[in-house]
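Peer 1: One structure is given below, represented as C-alpha cells, and several questions about it will come after.
The values are calculated or read from the model by the stated rules, or taken from the named source; none is laboratory data. Note that the structure is predicted; figures quoted are calculated from it, not measured. Cβ placement follows ideal geometry from the backbone for every residue including glycine, while neighbour counts extend to all protein chains displayed.
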C-alpha cells in the first residue's frame, strides 16, 4: 500500500467495515428483546422476519445490474446508508409489519454492501495482501462487536429501544460521511464486466461457496438453539460465549490470514472441514454442556476460515470477472439459507441430532471437494 490512493482504498473499506459492524451487531443484539418486549412478536412472526432478512442475500446477483449505472464504491455507500436508515428507524415501528419493513431495509443495505465489499477487497489488494486484509478486518469487526455489546449493556439502563436504535443508525451515518474523505479511484484496476458471469472454470468455487452457505446455516441456526433448548444455557452464559468468541476472533484472525499465505487455501480449508466433522458429531451425540460450549467456541473460530474460498477465487479468476462473480457467489451462498432452516426445523422435531448429522455430511462433502483445489497456482 505504497501510494496515497492505495491507502485511501484501505481506509475507505476499513471505516465502512467498522460502520457495518456497529449497525448490524447493534441491531442483532437488540432485535429479539425489542421484538418481544415492545412489538409483542410471536414465534411464527419472528421466523417470517428472519426469512425476510435473508431475501436480499438471495437476490444479491441483482448487484450486477445495478453496477450498470453505479460505481461499486458509490453502491457501497448507498447500501450502508440503507442499513443506517433501517437500523435507525427500527425503534419507531414496534409492530410486526414495522419490523418486516425495517428488517428488509436494513438487510438490503447489509447484503448489498457485503457483496460489493468482497468484490472491492479482491480488486484493491494483491493476492498476497488479500488474506491478511480480510483477516484483519474480521479481527477489527470482532473488537467492534465486543464494544457494541458492552455499550448496549451499559446504556440500555438509561435509554429506550427507540433511542438505542436511532443512535446506532446515526453512528453508521456519521462513519459513512467520514469514509467519503477517503473515497478512492480505480486507477490501474481492471474494468469489471457489467453482465452476469457463470463460467465452467469457476465450478469448484461455486460448489465450495454453496457448501459453505449450507454449513453456515447449521452453525448459525442450530448450534445456539441446541445450547438454549437442550442444555438450558442462560442469557448470561450465551453473552459470555459471545464475548469469548469475539475475543478469540480478534486475536486469531490475523494468524488465519498469515496461514492462508503460508499453507495455501487447500490445507486451511481441509483443516476447517476436518474439524467440523467431529464438532457436528459432538453437537449430535455428546451430553456434556461444557464440551458443547468448548466445541461451539472452536466452531466459531474455524467458521471464519472460509475467507480462503474467496482468496482461492481471486487466484483463478479473470480480474474483470470479480465484481459479477461476487454477486453470483453471494446468491449461491444464500440458497441454503432459504432451505436449511425450515427443513432442519422440521427434522429437529423428529430428532434434534438430524440437522447436525446433515452437517457432518456437508462437511465430508466439502472436505472431498477441497482436495480438488490446486496445490500450486499458475
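Peer 1: Name every residue in region 1-31 that is surrounded by fewer than 21 Cβ atoms within 10 Å (Cβ to Cβ) and more than 19 Å from the chain's Cα centre (by Cα), in order of residue number.
Peer 2: 1, 2, 3, 4, 5, 6, 7, 8, 10, 11
Peer 1: Here is a further query. Spot the failing condition for residue 301; the list is (1) within 18 Å of residue 211 (Cβ to Cβ); (2) under 19 Å from the mean Cα position of the chain (by Cα), and only one is missed.
Peer 2: Going through the list (1) within 18 Å of residue 211 (Cβ to Cβ); (2) under 19 Å from the mean Cα position of the chain (by Cα), residue 301 breaks only (1).
Peer 1: Quick check, is residue 34 in the same structural domain as residue 112 (by TED's automatic domain parsing), within 30 Å of residue 194 (Cα to Cα), touching a residue at least 40 places away in the same chain (Cβ under 8 Å) and buried (at least 17 other Cβ atoms within 10 Å of the Cβ)?
Peer 2: Considered against the rule, which asks whether it is in the same structural domain as residue 112 (by TED's automatic domain parsing), within 30 Å of residue 194 (Cα to Cα), touching a residue at least 40 places away in the same chain (Cβ under 8 Å) and buried (at least 17 other Cβ atoms within 10 Å of the Cβ), residue 34 comes out as no.
Peer 1: Further question on the same structure: Checking residue 17 against (1) in contact (Cβ under 8 Å) with a residue 24 or more places away in the chain; (2) closer than 30 Å to residue 198 by Cβ; (3) not in a helix (DSSP H, G or I): exactly one of these is not met. Which one?
Peer 2: Of everything listed in (1) in contact (Cβ under 8 Å) with a residue 24 or more places away in the chain; (2) closer than 30 Å to residue 198 by Cβ; (3) not in a helix (DSSP H, G or I), residue 17 misses just condition (3).
Peer 1: Still on this structure, please answer the following. Taking the criterion of being closer than 23 Å to residue 340 by Cβ and at pLDDT 90 or above, would at least one residue in region 26-47 satisfy it?
Peer 2: Checking region 26-47: at least one residue is closer than 23 Å to residue 340 by Cβ and at pLDDT 90 or above.
Peer 1: Only one residue in 314, 287 is assigned to a loop (DSSP other than H, G, I, E, B) and more than 30 Å from residue 152 (Cα to Cα), so which one is that?
Peer 2: 287
Peer 1: Please tell me if residue 121 is under 17 Å from the mean Cα position of the chain (by Cα), surrounded by 22 or more Cβ atoms within 10 Å (Cβ to Cβ) and more than 26 Å from residue 298 (Cα to Cα). Break it down into steps so the answer makes sense when it comes.
Peer 2: Values: under 17 Å from the mean Cα position of the chain (by Cα): yes; surrounded by 22 or more Cβ atoms within 10 Å (Cβ to Cβ): yes; more than 26 Å from residue 298 (Cα to Cα): yes.
Taking the combined requirement at face value, the residue satisfies it.
Peer 1: Quick test for you: out of 280, 305, pick the one residue that is in the same structural domain as residue 238 (by TED's automatic domain parsing), surrounded by 17 or more Cβ atoms within 10 Å (Cβ to Cβ) and within 17 Å of residue 224 (Cα to Cα).
Peer 2: Step by step, each of 280, 305 is checked, and only 280 is in the same structural domain as residue 238 (by TED's automatic domain parsing), surrounded by 17 or more Cβ atoms within 10 Å (Cβ to Cβ) and within 17 Å of residue 224 (Cα to Cα).
Peer 1: Kindly indicate whether residue 359 is in the same structural domain as residue 292 (by TED's automatic domain parsing) and under 15 Å from residue 229 (Cβ atoms). Lay out the reasoning, then the answer.
Peer 2: Working: in the same structural domain as residue 292 (by TED's automatic domain parsing): yes; under 15 Å from residue 229 (Cβ atoms): no.
So residue 359 fails the test.
Peer 1: Return the residues of region 64-84 that are crowded, with 19+ Cβ neighbours inside 10 Å and either at pLDDT 90 or above or over 30 Å from residue 194 (Cα atoms) (or both); say none if nothing qualifies.
Peer 2: The answer is 72, 73, 75, 76, 77, 79, 80, 82, 83, 84.
Peer 1: Within region 284-299, track down each residue that is surrounded by 16 or more Cβ atoms within 10 Å (Cβ to Cβ) and either more than 14 Å from residue 246 (Cα to Cα) or out of contact with any helix residue (DSSP H, G or I) (no Cβ under 7 Å at 6 or more places or on another chain) (or both).
Peer 2: 284, 292, 293, 295
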